[in-house]
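So the structure is just underneath, and the comments pick up after that.
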Amino acid sequence: MSGRTPLEAWQADPTPVTDIAVVTTRALLTARENIADTVAARAMMCIHGGAGFGKTLAVNTCLRALEPGEDVRRVTFRAWPTARAVCYELFTALDLAGEPPRHPSEFDRLLKTALAERPRTFLVDEAQWLNGEAFEYFRYLWDEPATQLAIIFVGEEGCHTVLRREPMLSSRIFIWQHFTRLTPGEVLEAIPLFHPVWADADPDDIAFADQHAAHGNFRAWAQLTAHTRTALARTGRSRVDQELLRWAFSRLA
């Protein structure tokens, strides 16, 4: 599958930080089972939840475990694409030769023919930008008997809302998975494994950081980690403490 590695996905954040690890949370383990079952069934699933909760990271990690045996293609959308815009994204994702067809019926035939060649899985990221028309086009391709598609929609709560509002779409979703914030207990388990900065930190300091800044959000933890590393380098300290954390919090306000 083309696209960034899990680490690169975190590095795309406005505050990049290296040495971040993929932590095997309960949500990731559940996603691994759900995605494997969806792909095996050639079905559609929806993974939804708030920004920064680790949805795309988890899905990319799980899908890479299925490669190279599974042909995975990734498409990402912005700004409410039309069905024709979806066609163009699929044309590009499938690496089809020549120019995209001008007429919708020709485009449909081309995509159906390509998708009938062999089993494929589509990761549709940022799916909160899809409206009913765009979702419907995916359903149209998936419903074609000759195509062998598994589709994983990943997005914020908006994608769940649109899918649930359309009975023909909602009834075809094989599995729904909701990503939520890490609980305080999960934070204490996961964050020491997330980055070396936190490996020997006092659990009380990790809880303090989560309560005041990160709030169970992996993206917020990545940003906080970047500022905490800066603070450690500038002060010469070897371990995180609450005074140092307060300085890092001031950069996130």
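The values are calculated or read from the model by the stated rules, or taken from the named source; none is laboratory data. Note that this is a predicted model, so its numbers are computed, not measured. Here the Cβ is made from the backbone with ideal geometry for all residues, glycine too, and neighbour counts use every protein chain on show. Areas reflect the complete protein model, heavy atoms only, side chains present, ligands, DNA and RNA absent. Shrake-Rupley method; radii C 1.70, N 1.55, O 1.52, S 1.80 Å.
Only helices enter the 222 nm calculation for the chain: every DSSP H run of n ≥ 4 contributes -39,500 (n - 2.57), and dividing by all residues gives -15000 deg cm²/dmol, rounded to 500.
Applied to the stretch 97-105, the Karplus parametrisation 6.51 cos²θ - 1.76 cosθ + 1.60 on θ = phi - 60° returns per-residue 3J(HN,Hα) values of 7, x, 8, x, x, 8, 9, x, 5 Hz, with x for Gly and Pro.
I'd like to check one number: the per residue accessible area of the chain, probe 1.4 Å, reported in Å² as a whole number. Write down the numbers at each step before the final one.
On the way: 11970 Å² over 253 residues.
Ligands and nucleic acids excluded, the figure is 47 Å² per residue.
In this simple spin-label model, placing a label point 7 Å from the Cα along the Cα-to-Cβ direction at both ALA21 and ASP95 gives a separation of 3.4 nm.
Determine Rg/Rh for the chain; Rg is computed over alpha-carbon atoms and Rh is the Kirkwood hydrodynamic estimate from the same atoms. Could the numbers behind the result be given before it?
Values: Rg = 20.5 Å, Rh = 19.6 Å.
Rg/Rh for the chain comes to 1.04.
Placing +1 on the Cβ of every Lys and Arg and -1 on the Cβ of every Asp and Glu, with nothing else charged, gives the stretch 51-140 a dipole about its Cα centre of roughly 100 debye. Karplus-derived 3J(HN,Hα) values for the stretch 181-191, using 6.51 cos²θ - 1.76 cosθ + 1.60 with θ = phi - 60°, are 4, 5, 6, x, x, 5, 4, 5, 7, 8, 5 Hz; glycine and proline are entered as x.
Its relative contact order, with pairs defined as Cα atoms under 8 Å and 6+ residues apart, puts the chain at 26 percent. Residue by residue, the stretch 51-58 carries 3J(HN,Hα) couplings of 5, x, 8, x, 5, 5, 4, 5 Hz when phi is fed to the Karplus relation 6.51 cos²θ - 1.76 cosθ + 1.60 (θ = phi - 60°); x denotes Gly or Pro. Near PHE179, the amide H atoms lying under 5 Å from its own belong to HIS48, GLY49; only residues 5 or more places off or on other chains count, and H is placed 1.01 Å from N.
Protection proxy ranking, highest mean first, for peptides 202-211, 57-66: 57-66, 202-211, where packing is the per-residue count of other beta-carbon atoms within 10 Å, averaged.
Binning the C-alpha pair distances of the stretch 10-131 at 10 Å intervals from 0 yields a P(r) profile of 10, 37, 35, 15, 2 %, listed from the shortest bin outward.
For the pair the stretch 20-35 / the stretch 178-193, the C-alpha centres are spaced 12 Å from each other. Toward the positive end of the charge dipole of the chain, with +1 on the Cβ of Lys and Arg and -1 on the Cβ of Asp and Glu, the farthest Cα among VAL124, ALA21, GLY54 is that of VAL124. Compared with the alpha-carbon gap, the fully stretched path from HIS212 to ARG164 is longer by 13.8 nm at 0.36 nm per residue.
For ARG74, nonlocal amide neighbours, meaning residues 5 or more places apart or on other chains whose placed amide H falls under 5 Å from its own, are SER2, LEU123. Electrostatic bookkeeping for ARG139 treats Lys and Arg as +1 and Asp and Glu as -1; over the other residues with beta carbon under 11 Å from its beta carbon, the sum is -4.
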